[in-house]
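These notes concern the structure reproduced below.
What follows is calculated from the coordinates using simple rules that are stated; it is not laboratory data. Given the structure is predicted, the values throughout are model-derived calculations rather than measurements. Here the Cβ is made from the backbone with ideal geometry for all residues, glycine too, and neighbour counts use every protein chain on show.
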Amino acid sequence: MDLISPQNNPNNYPCPIVGSNTIATLVTNNNNNIISSSTVTPTSGTTTTTPPASTTPSRYENQKRRDWNTFCQYLRNHRPPLSLSMCSGAHVLEFLRYLDQFGKTKVHNQTCPFFGLPNPPAPCPCPLRQAWGSLDALIGRLRAAYEEHGGRPEGNPFGARAVRIYLREVRDFQAKARGVSYEKKRKRPKQKVASSAQPPAPPSATLADATAATSVL
């Protein structure tokens, strides 16, 4: 039986092996019987496709997640424990008053001599509260998180009328107590600068005027 050269044998074909980095070459004769085999390791490495990097959550999303976890923990520690479906605007108000103990904003009482002063000259025993701006932003994040977790917009306790009234009262009282204004300043419309109108140039003397002046001389 004659051996067939691998270079001239039409039945010589590479057979890739799945799960291996080598290629096996099988040499067969005209009867499709395997005569010999050899393996070749590719010189160039295989190209791997890296998955796209996951997007990093924004600072707002991270803060919203922390606020939501804090509120859910508050509901679990509530006596009696509350479920999210049983939460109402009244429970949201309790949560906001609970957060006042962690506040860092000095809010003067009406009997304080520094009531209404933005920069009091001396310390006073008035309590520290959560600033109105912090509470307003907190309610906005929790309102969005509630709906993201399957809550119905029409039953959102963070959008209850009682919560809106409470935030408005906190804003007005803190503005008076701290002597600051929370009113948004309206931007004045830019006035267009009118270009100074230059006086028209005097008309040039006509040829007749020049002739009359010459005759007078």
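Values computed for the structure shown
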| quantity | calculated |
| --- | --- |
| Relative contact order computed over the stretch 59-178 (Cα-Cα under 8 Å; 6+ residues apart), in percent | 33 percent |
| Under 5 Å, built H, 5+ apart or other chain: amide partners of residue 103 | 130 |
| Dipole in debye (nearest 20) - the stretch 59-178, about Cα centre, beta carbon charges: Lys, Arg +1; Asp, Glu -1 | 200 debye |
| Dipole axis of the stretch 59-178 (+1 Lys, Arg; -1 Asp, Glu on Cβ), positive-most option in 139, 89, 127 | 127 |
| Fully extended contour minus Cα-Cα distance, from residue 176 to residue 134, at 0.36 nm per residue | 13.4 nm |
| From phi via Karplus (6.51, -1.76, 1.60), per-residue ³J(HN,Hα) for the stretch 155-160 in Hz, x at Gly/Pro | x, 6, x, 6, x, 5 |
| The stretch 59-178: equivalent-ellipsoid semi-axes (sqrt of 5 x gyration tensor eigenvalues, Cα, Å) | 30, 14, 14 |
| Packing rank of 113-123, 95-105, where each peptide gets the mean count of other beta carbons within 10 Å, highest leading | 95-105, 113-123 |
| Extension gain, residue 109 back to residue 69 (0.36 nm per residue minus Cα-Cα distance, nm) | 11.2 nm |
